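This report concerns only the one structure given below.
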Amino acid sequence: MGHRGLRIAECGLAAAIVLLAISAAAGEMPPDQAEAAHLSNIRQLTFYGAKNGEAYFSPDGKEIVFQGVREEGNPFYQIYRMNLSTGETFLVSTGTGRTTCAFFHPKKPKLIFASTHLDPESQAKQKAEIEKLKSGPPARYQWDFDPNFDIFESDLDGKNLVRLTDAAGYDAEGSYSPDGSKIVFCSFRDGDGEIYVMDSDGKNQTRLTHEKGYDGGPFFSPDGTRIVWRHFEDAAQKVAEVWTMKADGSDKRQITKLNAVSWAPYYHRNGEWIVFASNYQDPAFEIYAIRPDGSDLTRLTFTPGFDGLPVISPDWDKMMWTSNRAENRSQIFIADLNLPGSKPVKAQTPPAGSGFGDQHRLTDLDIAQTPEELKNAAQPYAMLVGDAIDKLRPGEILMRGVGTSPGWRLLAERLAAAHQRASLTLEDDPNSAPDLRPSLEKKIPCVSFSSRTGEGAYAASVAQYAKLLLATGVVKLPYTEYDAAKAKAVATASQRPYLGTVPEYGAKDVVGVKLSGVREDSPAQKAGLKGGDVVTELNGAGIKDVNEYLKALEGVKPGVETTIKILRDGKEQVLKITPGSR
């Protein structure tokens, strides 16, 4: 991942983000029901590219700026803007090197981001990373604090680029004050990650923190009087807590005391809440809200997988964050947010109705050659509204067959923006929709839109809009041969071993990893593990803490039986366990 991006990764923590090897349960309540307490209308905004994340709203809430791996030949993040009404994206950064941590100016058509494009070795590093990725799945991600990172300001289209920092060492993680006069950021210029503030033109750079340990991810409060950030308590970066201070660096206050990695804090409303991510209850990270006095800790996300980097919309009604809950890849999600003291947002669902009907086929799978309405299309394609699927959620639209062209994912971003009552789910394999087979035989890009029973009319309306976009040429559909075997191999290579154990964070005087429980029907449950067990060895590797547990997990293979040593009621036991995968 790579965001403040993931700030616990690319702007910070030298430990894994994708910690799906061990995963916490959301209690007995299904994740979607648990999340419904505070989040509604959850939907995905980005679909294209290898991964996307760390997004921030424009001052008027009409656009977002984010980082994504979407450029051919560059495996590192670049900065993009997206129009939330149309889904159209624009490259802002240079396309070279690494980038991270973009933020809109609150008063002017400007933005800032950190970049290494001035590094003369940028191209060589890109090529080396591509070759490294070819050799196998990526290892646990860690951010290397590239000393070539500096903060730049540019116009919204990336023009008139101005370098704001030039000190030796890493400068990144910048954000503007509410009036646009200041920028708060992180720098390693003095040997330790510290918080600095400067004028928006780069002048008067002043250090605000001096405590030992990495300080980063700073943001101003809505009134500009305070700064929230996260401070790592130890050099190993195993514990981070959320802190606030006055804008001049005085009056430092610790907000969280969870003895976990709590990071990426962001203010809500007039400082009534702070949202942040933590592995307090789930090693894969979840999003929480807390009062600035440390009270009312409230968990917001429960879906298995990583959830982090939360930000709040300018109208305070929405939360946007980064998650790998879909397809096990980092993407940007948005939802209506309801916290005590904030205006409730009524959930919306698509209207039911017969309309086109659940089985209505656009052109009845007649391949679009050169009719007048499609004269500007890049090439022929096929599109249909497929079978109704009862297991889909209300408002969910399933697009199957997107692996037949990269253009389908770009199209999905446009559709998600235009149909904000819909929640799109993408599936690459065209063979999952039997009606697409005639198109596959002709090597035609093809896609099927499916919905929940009774919502076929809505699915058809989404498909009709897709047809309009293709007719006007805003999205091209170069054909891609879908190789099921290759896709399976890639998916398998990217899978992580999974046990289904739930660590008990905050357990004191324990050597090993104490479990608060195990997930239902997980490898851990099948092996006989229980809450209260202390894991001391896995696959022959000794374990003293969660980090060593994660490292040991890298040495096991999904489907291959191994041993796990535990202490139960003070007695040592050795169990057989066969890891699953995620």
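Loop-located trypsin sites (Lys or Arg not before Pro) in segment 173-232 (DSSP state other than H, G, I, E, B) with a sparse environment of at most 13 neighbouring Cβ atoms within 10 Å: Lys203, Lys212. A 1.4 Å probe run over the protein chains yields, for the chain, 41 Å² of accessible area per residue, whole-number rounding. Relative to the 2.2 N^0.38 Å rule of thumb, segment 494-538 has a C-alpha radius of gyration ratio of 1.16.
Here the Karplus curve 6.51 cos²θ - 1.76 cosθ + 1.60, taken at θ = phi - 60°, turns the phi angles of segment 226-235 into couplings of 10, 10, 10, 7, 10, 10, 7, 7, 9, 5 Hz, with x standing for Gly and Pro. Checking every one of the GluC sites (Glu not before Pro) in segment 23-91 against DSSP loop status and a limit of 11 other Cβ atoms within 10 Å picks out Glu28, Glu72. The heavy atoms of Asp144 offer some 80 square angstrom of accessible surface to a 1.4 angstrom probe.
Would you kindly work out the equivalent ellipsoid of segment 407-523 from its C-alpha gyration tensor and give its semi-axes, the square roots of five times the eigenvalues, largest first in whole Å?
40, 20, 14
Accessible surface comparison of Trp273, Trp316, probe 1.4 Å, protein chains only, largest first: the order is Trp316, Trp273. Loop-located GluC sites (Glu not before Pro) in segment 156-242 (DSSP state other than H, G, I, E, B) with a sparse environment of at most 15 neighbouring Cβ atoms within 10 Å: Glu211. Normalising the average separation of contacting C-alpha pairs (under 8 angstrom, six or more residues apart) by the number of residues puts the relative contact order of the chain at 13 percent. For the listed residue pairs Lys108/Lys252; Lys108/Lys476; Lys62/Lys391; Lys51/Lys486, the alpha carbons are over 24 angstrom apart in Lys108/Lys252; Lys108/Lys476; Lys62/Lys391.
What do you reckon, how do His210, His117 stack up by accessible area (1.4 Å probe), largest on top? Present the calculation step by step, with values, prior to reporting the outcome.
Working: His210 120, His117 35 Å².
These residues rank, largest area first, as His210, His117.
Shape class of the chain from the Cα gyration tensor (axes a ≥ b ≥ c, square roots of the eigenvalues): oblate, since a/c reaches 1.5 or more and a/b does not exceed b/c. Surface calculation, 1.4 Å probe, protein heavy atoms: Val69 sits at approximately 20 Å² accessible.
The values are calculated or read from the model by the stated rules, or taken from the named source; none is laboratory data. Bear in mind that the values here come from a model prediction, so they are computed numbers and not experimental data. Don't worry about glycine lacking a Cβ; one is built from the backbone with ideal geometry, like all the others, and counts go over all protein chains shown. Ligands, DNA and RNA are excluded from the accessible area calculation, which covers all protein heavy atoms including side chains. Shrake-Rupley method; radii C 1.70, N 1.55, O 1.52, S 1.80 Å.
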